[in-house]
1. Sticking with the crude label model, points 7 Å out along Cα→Cβ, report the distance from residue 213 to residue 82 in nm, one decimal please.
2. If contacts are Cα pairs under 8 angstrom and at least 6 residues apart, what is the relative contact order of the chain in percent?
3. Is any helix in the chain, taking whole DSSP H runs, at least 18 angstrom long along its axis by alpha carbon and on average at least -0.5 on the Kyte-Doolittle scale, and which ones?
4. Calculate, in nm to one decimal, what residue 40 and residue 204 gain on full extension: separation in residues at 0.36 nm each, minus their alpha carbon distance.
5. Quick one: of the DSSP bridges fully inside the chain, what percent are antiparallel, nearest 5?
6. Count neighbours as other Cβ atoms within 10 Å of each site's Cβ, and list the GluC sites (Glu not before Pro) in the stretch 131-199 that are DSSP loop with at most 10 such neighbours.
7. Is the stretch 26-101 rounded, prolate or oblate when judged by the Cα gyration tensor, a ≥ b ≥ c being the square roots of its eigenvalues, rounded requiring a/c under 1.5 and prolate requiring a/b larger than b/c?
8. Take each of the peptides 105-115, 10-20, average the number of other beta-carbon atoms within 10 Å over its residues, and list them starting from the highest.
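Read the figures in this text as sums done on the coordinates, not as results from a lab. Keep in mind that what you see is a predicted model, and the values were worked out from it rather than measured. As a convention, Cβ positions derive from the backbone with ideal geometry for all residues, glycine included, and neighbour counts pool all protein chains shown.
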Amino acid sequence: MKPIRIHYLQHVPFEDLGCIEQWITQNHHPSTVTRFFENDELPSLSDFDMLIVMGGPMGIYDDKEYPWLTEERQFIRKAIDANKTVLGICLGSQLIAHAMGAKVYPNREKEIGWFDISLTEQGHQSRLLEGFDETFPVFHWHGDTFELPAGAHHLFQSEGCVNQAFIRDHVLALQFHFEVTPESLNEMVKHGKEELTDGKYIQSAEEILAHQQLIPQNNDLMFTILDRLVSNVF
């Protein structure tokens, strides 16, 4: 695999690249980061080939509390328009959907914990997901969801949230967390305990941490998707 220049956007210390960092290192991809919580500057569009937008507990319109969101939304739109490869995870997926003209809004239920996702009809047809199981568990932590942008292919759905993932050309949005590691899982639970209330699709901290055996499979799927995405296998 030819090395590509990767830049990623990180919103909070406890939602980092997870297993994506291992993939970057193993494939010798040079990487840079904008940590908004440290007031880092955004790069020039010419400085990277792929943009990865990570998750976070804020909503995409929480500009009053997080003023950098305004600039970030504009930056993501410019990266997409410049035909960069773009991957968004959770909050990142919602920011991408917004940048592509789709509505982002509160889902009817929060989804926090290990719950199944299933391939859609378009997901079955996608070369990106060739060989994936029909249904399998992934880790979720989101309250908002998005409509599908015009021309996007709907890839995954769940019982609690219909629009779990989409792809359009070189842009991929995932509501869930393939990238989670034991370390990042513990950090997310530690910093988000107040959200673990009663809910149809909300697990307790104990339930979440009891399913860490699912992490290696999720990470392997993340690696497969990354390999295919940068090789233009859609």
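1. Those two pseudo-labels are separated by 4.6 nm.
2. Working: 442 pairs, mean separation 46.2, N = 234.
In percent, rounded to a whole number, it is 20.
3. Values: long enough: 68-81 (20 Å, -0.79); 215-230 (23 Å, 0.31).
Qualifying helices, which must be both long enough and hydrophobic enough, are 215-230.
4. Details: separation 164, 0.36 × 164 = 59.04 nm, distance 3.43 nm.
Contour length minus Cα-Cα distance gives 55.6 nm.
5. Details: 20 of 38 bridges.
Just about 55 percent of them are antiparallel.
6. On the way: sites: 134, 147, 159, 179, 183, 187, 194, 195; in loops: 134, 147, 159, 179.
Sparse-neighbourhood loop GluC sites (Glu not before Pro): 134.
7. Prolate, because a/c is 1.5 or more and a/b exceeds b/c.
8. Numbers: 105-115: 17.9, 10-20: 20.6.
Sorting 105-115, 10-20 by mean packing, highest first, produces 10-20, 105-115.
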